[in-house]
Amino acid sequence: MPDQTDQSQYAAAAHVPLIKSPGLRVPPPVHLPPDIHPLPDSVIPYFVYPYTLEPHILTVESSRRMTLAAHTARREAYLRAREDEREWRRKEALRRVAPGFDPAATLVPVRAETGEVKTDVMDQLVDQLARMENSS
């Protein structure tokens, strides 16, 4: 009967010697010290929290939060002022084009005020006639 390794697909590798790498090794078994003991029935005595640091931490945290709140309020006020200024400039530009323009209300024309006071045509005629009488 022919040998099984001759018919196997690994027949050529069956006679190759294997070399063990010196970098690979089996770790030594772990030996526990003889004085190790299991946990007690209750671990509550091990949980002792020193409350001596807590007031300091709370003071620092509260001042940090107050500082953050102040910075946030200042930033929001600055952004709100910038937005209000931008809106005011936009409305002023619209008022320059159309005096009396207010997008929230009905358009009401406003007279542009100048240095001289304009009077009615009849008032001008009466004033001119009065000057002519006074001069004659």
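The values are calculated or read from the model by the stated rules, or taken from the named source; none is laboratory data. Values in this document were obtained by computation on a predicted structure and should not be read as measured data. We place every Cβ from the backbone using ideal geometry, glycine too, and count neighbours over all the protein chains shown. When the accessible area is computed, the model is the full protein with side chains, heavy atoms only, and any ligands, DNA or RNA have been set aside. Shrake-Rupley method; radii C 1.70, N 1.55, O 1.52, S 1.80 Å.
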Probe 1.4 Å, all protein chains in place: accessible area of T52 in Å², nearest 10? 120
When the charge dipole of the chain is computed with +1 at the Cβ of Lys and Arg and -1 at the Cβ of Asp and Glu, the Cα pointing farthest to the positive end, of V43, A105, L53, is that of L53
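How much of the accessible area of the chain, in percent, comes from carbon and sulfur atoms when a 1.4 Å probe is used?
Working: 8640 of 13890 Å².
Reported share for carbon and sulfur atoms: 62 percent.
Protein chains only, probe 1.4 Å: how do E76, E92 rank by accessible area, largest first?
E76, E92
Starting from the eigenvalues of the Cα gyration tensor, five times each then square-rooted, give me the equivalent ellipsoid semi-axes of the range 50-107, largest first, whole Å. Don't skip to the end; give the middle numbers.
Working: eigenvalues 499, 16, 3 Å².
Gyration-tensor ellipsoid for the range 50-107: 50, 9, 4 Å.
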Whose amide H sits under 5 Å from the amide H of D102, counting only residues 5 or more places off or on another chain, with H placed in the peptide plane? V108
With +1 on each Lys and Arg Cβ and -1 on each Asp and Glu Cβ, how big is the dipole of the range 1-84 about its Cα centre, in debye rounded to the nearest 20? 580
Relative to the chain, whose Cα atoms define the longest principal axis, helix 54-97 and its Cα axis are tilted in degrees, nearest 10, by 40
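If you take every residue apart from V126 with its C-beta less than 14 Å away from the C-beta of V126, what net charge results, scoring Lys and Arg +1 and Asp and Glu -1? It would help to have the intermediate numbers written out before the result.
Values: positive: R131; negative: D120, D123, D127, E133.
Around V126, the surrounding residues sum to -3.
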Helix-only mean residue ellipticity at 222 nm for the chain, each DSSP H run of n ≥ 4 adding -39500 (n - 2.57), per residue, nearest 500: -16000 deg cm²/dmol
Under Karplus coefficients 6.51, -1.76 and 1.60, residue-wise ³J(HN,Hα) of the range 125-136 in Hz, glycine/proline x: 5, 5, 5, 5, 5, 5, 5, 5, 5, 5, 6, 9
In the Gaussian network model of the chain, springs joining C-alpha atoms below 10 Å, which of L58, L68, L39 carries the largest mean-square fluctuation? L39
Correct choice for mean projected area of the Cα convex hull in nm² that was computed from the model, options [x] 12.8; [y] 37.9; [z] 24.5: [y]
